[in-house]
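J.: Okay, handing you the structure first.
The values are calculated or read from the model by the stated rules, or taken from the named source; none is laboratory data. Nothing here was measured: the structure is a model prediction, and the numbers come from that model. Positions of Cβ are generated from backbone atoms using ideal geometry, with glycine treated the same way; all protein chains shown enter the neighbour counts.
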Amino acid sequence: MYNISKADYEIVSILEDDHDSVKIVTGSYAGTIVTYDSVMLTEPTNGNESATLSFHYIVNDTDLDDEELESNEFKTYLGELIEYILWSSIEEKNFKVGRINDSNNDSQESAGK
């Protein structure tokens, strides 16, 4: 539906934690900054051939109104945007899985490098 490229977004740091945020720089949603809070990819089930990508996000800054933010078009765009970012990161071998270890966290980090 959308032909997303690297020219359509910038990775920005606006939160004081280990999450990067994404600033949309082109199109109808230009200027909107979102943070993907969690992204999950599940294996195909029940005879489906495709995996399912699900995600939660936070809108950090935008000029969009509530109706635009709740629209299926906006949510579809955000889905295609994170899909593009994930595939690009995998192709460039520039990704991490999990969270950065700290003294209160038992999860492990895996690097794609």
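J.: Under the condition of being under 19 Å from K75 (Cα atoms) and in contact with a Lys or Arg (Cβ under 6 Å, 6 or more places away or on another chain), which residue from region 1-36 is surrounded by the fewest Cβ atoms within 10 Å (Cβ to Cβ)?
T.: E10
J.: Given the criteria of a type in the set (D, E) and over 17 Å from I11 (Cβ atoms), does E43 qualify?
T.: On the way: of a type in the set (D, E): yes; over 17 Å from I11 (Cβ atoms): yes.
Yes, satisfied.
J.: Mind listing whichever residues of region 25-54 are among the hydrophobic types (A, V, I, L, M, F, W, C) and out of contact with any Gly (no Cβ under 7 Å at 6 or more places or on another chain)? Talk me through it step by step, then tell me what you get.
T.: Taking region 25-54 as the starting set, the residues that turn out to be among the hydrophobic types (A, V, I, L, M, F, W, C) are 25, 30, 33-34, 39-41, 51, 53.
Answer for region 25-54, where residues must be among the hydrophobic types (A, V, I, L, M, F, W, C) and out of contact with any Gly (no Cβ under 7 Å at 6 or more places or on another chain): V25, A30, I33, V34, V39, M40, L41, A51.
J.: Please go through region 32-61 and give me each residue that is assigned to a loop (DSSP other than H, G, I, E, B) and in contact with a strand residue (DSSP E or B) (Cβ under 7 Å, 6 or more places away or on another chain), ordered by number. Steps first, answer last, please.
T.: Within region 32-61, the subset assigned to a loop (DSSP other than H, G, I, E, B) is 32, 43-51.
Listed by number, the residues that qualify are T32, A51.
J.: Which members of region 70-93 meet the condition of being more than 13 Å from M1 (Cβ to Cβ), modelled with pLDDT under 95 and either small (G, A, S) or outside any helix (DSSP H, G or I) (or both)?
T.: Those that are more than 13 Å from M1 (Cβ to Cβ), modelled with pLDDT under 95 and either small (G, A, S) or outside any helix (DSSP H, G or I) (or both): S88, S89, E92, K93.
J.: Okay, moving on. Please name all residue pairs, on different chains or six or more residues apart, with Cβ atoms under 9 Å, provided the first residue is in region 22-41 and is under 18 Å from S71 (Cβ atoms) and the second residue is part of a loop (DSSP other than H, G, I, E, B) and among the hydrophobic types (A, V, I, L, M, F, W, C).
T.: Listed pairs, sorted by first residue: I24/A30; S28/L64; Y29/L64; G31/V25; G31/L64; T32/L64; I33/I14.
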